Amino acid sequence: MIGLASRLLWGIPILLGAVALLGADLLGWSDGYGLWILCLVFGTGATYEALSMLDHPQGFRRERRLPWIIAFYVVTIYGVFLTTSVGSVGFGSEGDWPGELASAATTLLGAVLLLGALVSTALSGGQKSPLWARVHPPLTLLWLSIPMVCTVVLAEADPVGVHLVLCTVLMVKGCDTGAYFIGRRFGKRPLHPVSPRKTIEGLIAGVLTSAVIGYLYAVQLADPTFSPGMALVLGVLVAVVGQISDLQESAMKRRAGRKDSGASIPGLGGALDMLDSLVLVMPLVLWWRVILAA
């Protein structure tokens, strides 16, 4: 119960804070800076923690992490600029996304999948091979920058992009919550050995929770480009891919000999633990949106 109390005590205010920043963007109060703040703050924490996993328990020495965190800012900002410059990204006069963006979104989705596998390999190889130890930081940098780029591009290029970002965050966290409570109460069949506490019953509950949240959000939004039917499909995709992304991060932590990525958020671990599902989900949502609109 203490663990659950800590999760709620810290998780709810953090989620409400994220919703408030995105809400400020939606209302035009922050000129889009709310999302940038979220991406850079959580991205900084996640990058710091991911770098610290190498050669655990010593980790990547603190004084050597700062240049890579600065590089994370540069890559993320430049990545957004570059992607939004491709073919004058955005809906055209007839509501079509340029083909160049579809290719870019597909490339980003594929890249984050590949980079996740490489970062995990580098974590184990870096403890034995100097080569893997050298490539781990840039791989980690790219792996965490791409989801941030996709998030900001989606928000800036799509008329309902900020709504999609907010809806996605709510679906992911709703999935995590549903899976956690139902899994604890009724879970019997383990989902995957890399994360023994996750269960198939919890996954089913998470998928249903995510789909319902997406459906209700779309009903309230009442935008023809994001219908309730589309939201149901997206909710299922987000839940399934989010769990895959979560398992990927769990594999990294296991290779590093850790239970959590960090200890900055009591009961929840670190920033990377909070972002883990979104690492694959945000590139997926951008790709899904582009393909539907192409």
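Here, each number is a calculation from the coordinates, and none is a lab measurement. This is a predicted model, so every value here is computed, not measured.
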Hydrodynamic radius of the chain per Kirkwood, over alpha carbon pairs, in Å: 19.4 Å
Quick check on the chain: helices-only [θ] at 222 nm, where DSSP H runs of length 4 and up contribute -39,500 (n - 2.57) each and the sum goes over total residues. Nearest 500, please. -27000 deg cm²/dmol
Rg to Rh quotient for the range 147-294, alpha carbon positions, Kirkwood Rh: 0.99
Among Val162, Val153, Val194, whose mean-square fluctuation peaks in a Gaussian network model of the chain (Cα, cutoff 10 Å)? Val194
